[in-house]
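Here is the structure we will look at.
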Amino acid sequence: MYQWSVFFHILIAMFWVGGMLFTAAILVPATRRQLAEQRGRLFTILGTRFSRLTWLLFPLLILTGITALLGKGFELSHLFTSGFWSTAYGSTLMHKLLLFALVLIISGLHDFWLGPKASQLMEDEPDQPHTQKIRKASSWLGRVNLVLGLIIVFFAVSLVR
């Protein structure tokens, strides 16, 4: 159970963080010049698809994380004791979970409000100053989420090493 939980947990995290890395390193720069006029539509289509998949996968991350903890020998009752959270393992896990909670909040803002608004404005009013503000804000939320995702991966590695 432990190995399968960890396998799927890592696989899902790879998809999520890898998708954000691909977007930041490949997709965004490639669309600045070559696909500038279709950028809004492209980000709407790809962003919506990626968002839907990640929101389906987030609960699986939680489930596989819990089953990995159980497979490692912890019990759910441990999570309700202050002694667990004061250990090095518990403290690292707490940091990882708090960052993940922050990622969920930022993802919600980005995926359900700012991102769609930016995509729509890029299609309808691409040269307006308001569009550029919203687009930049959406872009910054994506960047912050990427950095938080990478820090979460660091904490995940710290849990096993």
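For this structure, a couple of remarks:
- One residue stands out in the stretch 48-88 among those that are of a type in the set (Val, Ile, Thr) and at pLDDT 90 or above: the one that is nearest to Val6 (Cα to Cα), namely Thr64.
- Selection status of Val28, touching a Ser or Thr at 6+ places or on another chain (Cβ under 9 Å), within 21 Å of Ser138 (Cα to Cα), surrounded by 13 or more Cβ atoms within 10 Å (Cβ to Cβ) and touching a residue at least 12 places away in the same chain (Cβ under 8 Å): yes
- In the set Leu11, Leu35, only one residue is at pLDDT below 80 and more than 20 Å from Trp140 (Cβ to Cβ); that residue is Leu35.
- Some residue of the stretch 14-25 being over 30 Å from Leu121 (Cα atoms) and either among the polar types (S, T, N, Q) or surrounded by fewer than 14 Cβ atoms within 10 Å (Cβ to Cβ) (or both): yes
- Top-ranked residue of the stretch 77-132 - restricted to ones that are β-branched (Val, Ile, Thr) and exposed (fewer than 14 other Cβ atoms within 10 Å of the Cβ), ranked as nearest to Gln38 (Cα to Cα): Ile105
The values are calculated or read from the model by the stated rules, or taken from the named source; none is laboratory data. Fair warning: this is a prediction, and the values are worked out from it, not measured in the lab. Backbone-built Cβ (ideal geometry, glycine too); neighbour counts: all protein chains shown.
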